[in-house]
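See below for the structure under consideration.
The values are calculated or read from the model by the stated rules, or taken from the named source; none is laboratory data. Keep in mind that this is a model prediction, so the values were computed, not measured. A quick note on method: Cβ atoms are made from the backbone with ideal geometry, for glycine too, and the neighbour counts reach across all protein chains shown. Only protein heavy atoms, including side chains, enter the accessible area calculation; ligands, DNA and RNA are left aside. Shrake-Rupley method; radii C 1.70, N 1.55, O 1.52, S 1.80 Å.
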Amino acid sequence: MFLNVQLPWNVIIPAENLDAKGLMLQRSIIIRLLDEFASKKATKELGYYFALTTLDSIGEGKVRQHTGDILFPVVFHGITFNLFRGEIIEGVVHKVLKHGVFLRCGPMEHIYLSSTKMPDYRYVPGENPVFLNEKLSKIGKDVVVRVIVLATMWLEVEREFRALVSLEGDFLGPVSSF
């Protein structure tokens, strides 16, 4: 789910942002790195970029020929979020459809639990549709559900993941809140 990774990155500082004081330069590099890190969103290999934790090193700057901007190679540690097949997660239902529900877990919004992967649950239509079983256990909007990840898929254009999950297994289903 959460990974602590070391990442190399190239930070470009416009020439007009340069200052003779080293502290201001380091500050500019960190601010630019945080902006770029936040806008990247996710990668197929590492998942969603969650947080930048430590800046390990700033390499020697290289002047870019045509623009005069300075490119600094940096190395930092960060936290990423990714789901793996077989992992047990808890997600919150945000959409109930006739054929299944969509869950949210961390930055992932498209986690699909199909009605065929909910043994003993049946769809109950209405103003607030739910899935219900014989023990009156209910899966509906805003319910926390423990599931197992069956598969994940990376969508390059949207730069996001989709996941397929199931309730088939021990101790899976709606999580009661005490």
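Just need the relative contact order of segment 2-81 here, percent rounded to a whole number, with Cα pairs under 8 Å and 6+ apart.
Here the relative contact order equals 46 percent.
Taking 8 Å as the Cα distance limit and 6 or more residues as the minimum spacing, I'd like the relative contact order of the chain as a percentage. Walk me through the intermediate numbers first.
Details: 376 pairs, mean separation 35.2, N = 178.
Rounded, it is 20 percent for the chain.
Classify the chain as rounded, prolate or oblate, taking a ≥ b ≥ c as the square roots of the eigenvalues of its Cα gyration tensor: rounded when a/c is under 1.5, otherwise prolate if a/b is larger than b/c and oblate if not.
Prolate.
Please go through the residue pairs Lys41/Lys95; Lys41/Lys135; Lys44/Lys138; Lys41/Lys117; Lys41/Lys138; Lys40/Lys98 and name each one whose alpha carbons sit more than 32 Å apart in this structure.
Lys41/Lys135; Lys44/Lys138; Lys41/Lys138; Lys40/Lys98
Taking the Cα centre as origin and putting +1 on Lys and Arg beta-carbons and -1 on Asp and Glu beta-carbons, what dipole magnitude results for segment 87-174, to the nearest 20 debye?
240 debye
Work out which GluC sites (Glu not before Pro) in the chain are exposed loop sites (DSSP not H, G, I, E or B, at most 15 other Cβ within 10 Å) and give the longest gap free of them.
It works out to 1-44.
Can you tell me the dipole magnitude for the chain around its Cα centre, using point charges on the Cβ only (Lys, Arg +1; Asp, Glu -1), in Debye to the nearest 20?
With only Lys, Arg, Asp and Glu charged at Cβ, the dipole is about 280 debye.
Would you mind checking the tilt of helix 22-40 against the longest principal axis of the Cα atoms of the chain, expressed as 0 to 90 degrees and rounded to 10?
Here the helix axis deviates by roughly 30 degrees.
Report the gain in length on full extension from Arg85 to Glu36: 0.36 nm times residue separation, minus Cα-Cα distance, nm rounded to one decimal.
Here the segment from Arg85 to Glu36 would lengthen by 14.7 nm.
Please label the shape of segment 87-174 as rounded, prolate or oblate, based on the square roots a ≥ b ≥ c of the eigenvalues of the alpha-carbon gyration tensor (a/c under 1.5 means rounded; beyond that, a/b larger than b/c means prolate, else oblate).
Prolate shape, in that a/c is at least 1.5 and a/b is the bigger ratio.
Leaving ligands, DNA and RNA out of it, report the carbon-plus-sulfur percent of the accessible area of segment 55-162 at a 1.4 Å probe.
Details: 3370 of 6320 Å².
Percent of accessible area from carbon and sulfur atoms in segment 55-162: 53.
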